[in-house]
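Novice: The following block contains the structure, expressed as structure tokens.
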Amino acid sequence: MMTRPCLGKVACSDHAADSFAQRGLLYLEQENMEDALKCFNQVIALEPDNPKAYNNAGYVHESMHCLSSAVHMYRKALALDAKNVEAMINMARIRELEGDYHGALQYYEKAIDLEPDDVNAHFCLGLLYDRYDMFDEAADQYQQVLDREPDHRKAIFNLGCLYIQMGDTPDAERQFRRLIDLDPTDAAAWNYLGSLCEELGDADGAISAWQTCLKIDPLHVDANLNLARIEHCCQSVGDDEQLRQKIADRLKFILSLEPFRKEAMDLLTKVEAAKDHPNT
């Protein structure tokens, strides 16, 4: 039998490393962190000068809440490549988890200085500002994301939530309608749109949005509660036994999912009282 010619250590290692990396990513999708880490450590053994391998291993350590080990890996990546934006973003995220706002900010800003069009860096910096209630700064970063990737759904969603917090209902409504155009099955977006329609005085639009939300996700507690509440407010429950029972059943369903949901308990008390006091 003929002996297969040796392709050389580098070529063989590259192929093996790629195989381990692919398996590691598969284990990550399965949330099998221990086997994922074993695979990425194999990649590091085969390619000790590959920053990506250290970033992957660091991510697994971070997912396993081993932050010091994650930092060690990210620093290894930066030692190999001082301009590695991925490692900078990873380090920034660790600093956030440790409550070090300024440390996180420095890493994010450095990453953006190196790669001004890096969508992930802008989005993560937006999240940092968002967590510290720096609304204008967060909105600017989410807009930076959308300037570069107009259909970035997480940025649209977060921007819509920011507008709600800032009291800008029309702009919030526009963001959630935009999100629904991109993904008509986004139950959370439909629920928020219902609340915004209600705030804008469009009760029919609110009811329609919440009903759509519940078609997508029948167990959505907030949409169920919102629908029960608006039906109770907009119609004469005391004069319509069928409607009263419908609302009561919905509220009991909510309480079967969240037994201590105070809004549902209070509203159920009012609805049941309407049976004996029709004008309530």
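Novice: Restricted to the range 1-59, and to residues that are over 29 Å from Arg95 (Cβ atoms) and of a type in the set (Ser, Thr, Tyr), which residue is modelled with the lowest pLDDT?
Specialist: Across the range 1-59, the extreme among qualifying residues is Thr3.
Novice: Then there is this: Take the range 169-196 and flag every residue that is among the polar types (S, T, N, Q) and under 11 Å from Ala209 (Cα atoms). Before the answer, list the steps.
Specialist: Going through the range 169-196, the residues among the polar types (S, T, N, Q) turn out to be 169, 175, 185, 191, 195.
Hits for the range 169-196 are Asn191, Ser195.
Novice: Please work out which one of (1) farther than 22 Å from Ile247 by Cα; (2) buried (at least 23 other Cβ atoms within 10 Å of the Cβ) is the condition Trp210 fails and give its number.
Specialist: Among (1) farther than 22 Å from Ile247 by Cα; (2) buried (at least 23 other Cβ atoms within 10 Å of the Cβ), Trp210 violates only (1).
Novice: Taking Lys76 and the conditions (1) loosely packed, with under 14 Cβ neighbours inside 10 Å; (2) more than 25 Å from the chain's Cα centre (by Cα); (3) farther than 29 Å from Gln144 by Cα, which numbered condition does it fall short on, given that it satisfies the others?
Specialist: With respect to (1) loosely packed, with under 14 Cβ neighbours inside 10 Å; (2) more than 25 Å from the chain's Cα centre (by Cα); (3) farther than 29 Å from Gln144 by Cα, Lys76 is out only on (1).
Novice: Of the residues Glu263, Glu231, which single one is surrounded by 19 or more Cβ atoms within 10 Å (Cβ to Cβ), among the charged types (D, E, K, R) and more than 20 Å from Phe157 (Cβ to Cβ)? Full working, then the answer.
Specialist: Numbers: Glu263 fails: surrounded by 19 or more Cβ atoms within 10 Å (Cβ to Cβ).
Residue meeting the stated conditions: Glu231.
Novice: Now for a separate question. Filter the range 97-117 down to the residues that are crowded, with 20+ Cβ neighbours inside 10 Å, in contact (Cβ under 8 Å) with a residue 24 or more places away in the chain and out of contact with any Asp or Glu (no Cβ under 8 Å at 6 or more places or on another chain) and list them by number.
Specialist: Scanning the range 97-117 gives no hits.
Novice: Looking only at helices (runs of 4 or more DSSP H) that fall completely inside the range 17-97, which ones have 1 or more residues that are in contact with a strand residue (DSSP E or B) (Cβ under 7 Å, 6 or more places away or on another chain), closer than 25 Å to Pro116 by Cβ and not aromatic (Phe, Trp, Tyr)?
Specialist: The helices (runs of 4 or more DSSP H) meeting that bar number zero.
Novice: Using the structure shown, decide if Val60 is surrounded by fewer than 20 Cβ atoms within 10 Å (Cβ to Cβ), among the β-branched types (Val, Ile, Thr) and under 22 Å from the mean Cα position of the chain (by Cα).
Specialist: No: the conditions fail for Val60.
Here is a yes/no grid of residues against (1) of a type outside the set (Ser, Thr, Tyr); (2) at pLDDT below 95:
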{"residue": "Arg153", "(1), (2)": "yes, no"}
{"residue": "Asn158", "(1), (2)": "yes, no"}
{"residue": "Asp183", "(1), (2)": "yes, no"}
{"residue": "Ser195", "(1), (2)": "no, no"}
{"residue": "Asp204", "(1), (2)": "yes, yes"}
{"residue": "His220", "(1), (2)": "yes, no"}
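Novice: Something else: Inspect all residues belonging to the range 160-178 and state whether any of them is farther than 19 Å from Asp136 by Cα and buried (at least 18 other Cβ atoms within 10 Å of the Cβ).
Specialist: Here is the first cut: in the range 160-178, the residues farther than 19 Å from Asp136 by Cα are 177-178.
Those left that are additionally buried (at least 18 other Cβ atoms within 10 Å of the Cβ): 178.
There is at least one residue in the range 160-178 that is farther than 19 Å from Asp136 by Cα and buried (at least 18 other Cβ atoms within 10 Å of the Cβ).
The values are calculated or read from the model by the stated rules, or taken from the named source; none is laboratory data. In this text, all values refer to a predicted model and were calculated from it rather than measured experimentally. Reconstructed Cβ throughout: ideal geometry from the backbone, glycine too, with neighbour counts over all protein chains shown.
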